[in-house]
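For reference, the structure discussed in these notes is given below.
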Amino acid sequence: MNLVITGSTSGIGLETVKALYPLFDKLILPVRNLEKAKKLVSRFDNPEKFDCLEMDLSSMKSVHKAGKQITDSYDQIDLLINNAGGMFPNSKKTKEGLDWSFAVNHLGHFHLSQLLLQNLIQAKGKVVFVSSEFHRLGSVKLNDMGLHNGTSSWKNYSDVKLYNILTTNKLHTLYSEKGLASYSLHPGAVNTSFGSESDLLSKVFINLTKPFFISPQKGAKTSIFIAKSNKDELQSGGYYDKKKLKKPSSKAEDVVLQDKLYDFSLQQLEEILS
């Protein structure tokens, strides 16, 4: 079996890799820092089980290149975990002119999932989006889905975490009958480097509340639970928290918003990659 996971070199991504390492024949790690990833996998007993390749989620062209590399190398992908993410200043733009939070937390993972769709369907596999309970504070501004006029780091983060669940539900609607199962989850408030690239006020708030955060090992438990569980034990399109199915916000279940975000995301990719 083959696993693809983003954000694998630290935090809950690394803990997820450690737990799933014995279960997969190949662990494919698209990473921003290739040297860091290679050094990391060299510590495992069988580093040959890993395939590390360079990918920057803030660049759709980089995601496109990495995704093509994966699809050319592997006929089947059994599990894709869209784990990477973060909070960024709402004024920060990528080289492609995208809001940084929109690109890294949503569009990069959306594109990677699209590129690997046929490989996932071939394996009757699973795709997992690591979202957050902050999605309940999020919204979809139909005149600014790309978050160019975001008001704060926290609001942008909440919006894109809502986008993760909307995307999960749309993939379920489109592809569940073809054998693909999609899930989203809340990992908990985890003590990682989360927020290190956000604005000063957000950093102060995060540092003050970190004593109440859980460990990365605990934060990875729901991702690991979904990965290890049989599909008939889970609900495709479901949102999970503490290894249990949980009802997301009403906005996350809005079919119209799912459709509009999906179409907008495809349009954004077409404009960037054409």
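Tabulated data for the structure shown
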{"read-out": "Relative contact order [Cα under 8 Å, 6+ residues apart], region 2-273, whole percent", "value": "19 percent"}
{"read-out": "Net dipole in debye of the chain [+1 Lys, Arg Cβ; -1 Asp, Glu Cβ; about Cα centre; nearest 20]", "value": "800 debye"}
{"read-out": "Packing rank of 238-248, 58-68, where each peptide gets the mean count of other beta carbons within 10 Å, highest leading", "value": "58-68, 238-248"}
{"read-out": "Inter-probe distance in nm under a simple model that places probes 7 Å from Cα toward Cβ, at Leu174 and Glu271", "value": "1.9 nm"}
{"read-out": "Share, in percent, of DSSP beta bridges within region 2-273 that are antiparallel, nearest 5", "value": "15 percent"}
{"read-out": "Cα-only radius of gyration and Dmax that characterise the chain, units Å", "value": "17.2, 51"}
{"read-out": "Cross-link table Lys61/Lys126; Lys18/Lys231; Lys124/Lys244; Lys26/Lys170; Lys39/Lys126; Lys68/Lys124, entries beyond 31 Å C-alpha to C-alpha", "value": "none"}
{"read-out": "Most to least packed among 135-148, 19-32 [average Cβ atoms within 10 Å]", "value": "19-32, 135-148"}
{"read-out": "Distance between modelled label sites at Ser42 and Val255, nm, 7 Å Cα→Cβ extension", "value": "5.4 nm"}
{"read-out": "Net charge dipole size for region 215-274 [Lys, Arg +1 and Asp, Glu -1 on Cβ; Debye, nearest 20]", "value": "720 debye"}
{"read-out": "For region 73-79, 3J(HN,Hα) per residue [Karplus equation, 6.51 cos²θ - 1.76 cosθ + 1.60, θ = phi - 60°, Hz, x = Gly/Pro]", "value": "9, 9, 6, 10, 10, 7, 8"}
{"read-out": "Estimated distance in nm for a label pair at Lys68 and Asp25, the labels positioned 7 Å out from Cα along Cα-to-Cβ", "value": "2.6 nm"}
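Values in this text are rule-based calculations from the coordinates and carry no lab data. Keep in mind the model is a prediction, meaning the values are calculated, not measured. FYI the Cβ positions are ideal-geometry reconstructions off the backbone, even for glycines, and counts take in every protein chain you see.
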